[in-house]
1. Sort Thr30, Thr11 by Cβ crowding within 10 Å, fewest neighbours at the top.
2. Between Leu101 and Glu60, 0.36 nm times their residue separation minus their Cα-Cα distance comes to what?
3. Set the bar at 32 Å for Cα to Cα. Now go through Lys4/Lys213; Lys4/Lys209; Lys4/Lys201; Lys51/Lys214 and name every pair that lies beyond it.
4. Quick check on the exposure proxy: order Ile5, Ile137 from fewest to most C-beta atoms within 10 angstrom.
5. Going by C-beta contacts inside 10 Å, put Met218, Met41 in order with the fewest on the left.
6. Under a Cβ-Cβ cut-off of 10 Å, what is the net charge of the residues other than Leu156 that fall near it, where Lys and Arg count +1 and Asp and Glu count -1?
7. What is the distance, in nm, between label points placed 7 Å from the Cα along the Cα-to-Cβ direction at Thr35 and at Ser90?
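Here, each number is a calculation from the coordinates, and none is a lab measurement. A quick note: this is a predicted structure, and the numbers were derived from the prediction, not measured. All Cβ positions, even for glycine, are placed from backbone atoms using ideal geometry, and neighbour counts span all protein chains on display.
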Amino acid sequence: MPDKIKIIIDTAGQKGHGSFIYLEEGRSVTVGRHTGLEQGMLAIYNLLVSKQHCRIGWNEEGLHVEDLGSKNGTELNGQRLSPHERVPVSPGDRLTLVNGLVALELENVMDLEETREYVFSGWPEDDVRLNDDMQSIQIAEETIPLSKKEYQLFKLMHSRLDHFVTRDEIMRFVWPERCVDDTELVGIDEVNSLIYRTNKKLQGFFVIKSVYKKGVYMKREYAGSDSALSR
């Protein structure tokens, strides 16, 4: 029996791309949309996810998941769950939200991982590493320092690599303290300026682009990369 269960958010179709939380026996965790006000829950930066979408718990009977009456639904191995009904779940099962748009992966963990450095595989020569403490990214042997807002923007865009992100999602992720009660206090020019500054620092590695009426996406910029953009 594992000591803990690790719950990982996968919003980009690639394992490990996202936030995670540890769940211990006798406890539960609520999964919901990021609002900037949530505490003790697993927050997802997607407007289609409900504020309180589902709950994953672990009691003497084992792991279970419960949809909390979400608007766009919770699916377990492709089957949509009935609201407010606890269903057994196991590590390895496929748990998705919003018709598969967001996936939650459950992994057994024997020892708590004491690190705040996230590793993203897939770079041709080395890994891409994000360091929360230093607010920097490392690609191969090069370290790129970023400001707090630039780092938050990169973290969001990299978790959704080659996928569209709305400017509203960027505002809520980068400026949560200013996006309360659906009051927009962040201007489009401020978002565009942040994208411009971040692009200058990422030059040669990644590029953030805008597409009219679709949103913003980030792709790798190394030679030969032509990732297909999810629509």
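1. Values: Thr30 18, Thr11 22.
So the residues, fewest neighbours to most, are Thr30, Thr11.
2. Result: 11.7 nm gained on full extension.
3. Numbers: Lys4/Lys213 43 Å; Lys4/Lys209 39 Å; Lys4/Lys201 38 Å; Lys51/Lys214 24 Å.
Pairs exceeding the cut-off: Lys4/Lys213; Lys4/Lys209; Lys4/Lys201.
4. Fewest-to-most ranking of Ile5, Ile137: Ile5, Ile137.
5. Details: Met218 25, Met41 18.
Least crowded to most crowded, the residues run Met41, Met218.
6. +2
7. So the two model labels end up 3.6 nm from each other.
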